[in-house]
Each structure stands twice: as structure tokens, then as C-alpha cells.
Amino acid sequence: MYAKKINHDIDQVNCSGTIASLPKDATVTWTNKDVAPHTATASDGSFDTGIFNAGSSASAMVKGQGDIQYHCTIHPWMHGSLQVTS
């Protein structure tokens with residue numbers, strides 16, 4: 001059984017990484033522990049948290065399946081992926 005709510009921190013321009021075994025329709029919450037604003041935006045356009053500032057969080061429901069790539073639209077070198085199962 002997989003968690004339906006996942007938390008992921010962004011810290012010191014570190015957002016990269018893979019969250020494994022995430023179920024479809026799970027909600028992922030990114031917490032900005034950095035000093036700069038960020039986004040978590042799916043490369044396929046399936047989710048976008050919008051900009052969230054330092055010290056705040058933003059969530060998105062992940063509806064796709066497979067390897068879903070995401071990035072920060074403000075800092076394009078910051079990226080990660082979500083492994084979504086059925």
C-alpha cells in the first residue's frame with residue numbers, strides 16, 4: 001500500500017531526486033526550505049504548483065502514470081521525477 005500524500009523538501013537549490021512508488025492521484029507537497037521562490041511544474045503540463053516563496057509549501061495532485069519529470073520554472077536546472085504506479 002502506498003501513501004496518498006507525499007512531502008518533498010526544496011533546500012539550497014536542491015529539488016532533484018526521484019520519489020519512488022507514488023500512487024496515481026497522490027498529492028505531493030513541496031516545502032520550500034530555500035531562500036528563493038520556486039515552482040514544481042510537470043514537464044508534460046499535468047501539474048503546476050505555481051510560485052511558492054521561502055518558508056511556504058505548495059501541493060499538486062499527480063494524475064499521470066510512469067516516470068513524470070518536473071522542474072522549477074524559475075530555476076530550470078532544478079528538476080526531479082516522480083515514479084507513479086497504478
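Nothing in this text is a laboratory measurement; each read-out follows from the coordinates by a stated rule. None of these values were measured; they are calculated from a predicted model. Every residue, glycine among them, receives a Cβ derived from its backbone with ideal geometry; neighbour counts consider all protein chains shown.
Distance between the 7 Å Cα→Cβ label points at Asp44 and His75: 2.6 nm.
Across segment 69-78, computed HN-Hα scalar couplings (Karplus, 6.51 cos²θ - 1.76 cosθ + 1.60, θ = phi - 60°) run 7, 9, 8, 9, 5, 7, 10, x, 6, 8 Hz from first to last residue, x flagging Gly and Pro.
Count charges around Ala54 for me, please; just the other residues with Cβ under 9 Å from its Cβ, Lys/Arg as +1, Asp/Glu as -1.
Net local charge, Ala54 excluded: 0.
Ranking of Trp30, Trp77 by neighbouring Cβ atoms within 10 Å, starting from the fewest: Trp77, Trp30. Modelled label positions at Gln83 and Asn53, each set 7 Å beyond Cα in the direction of Cβ, lie 3.7 nm from each other.
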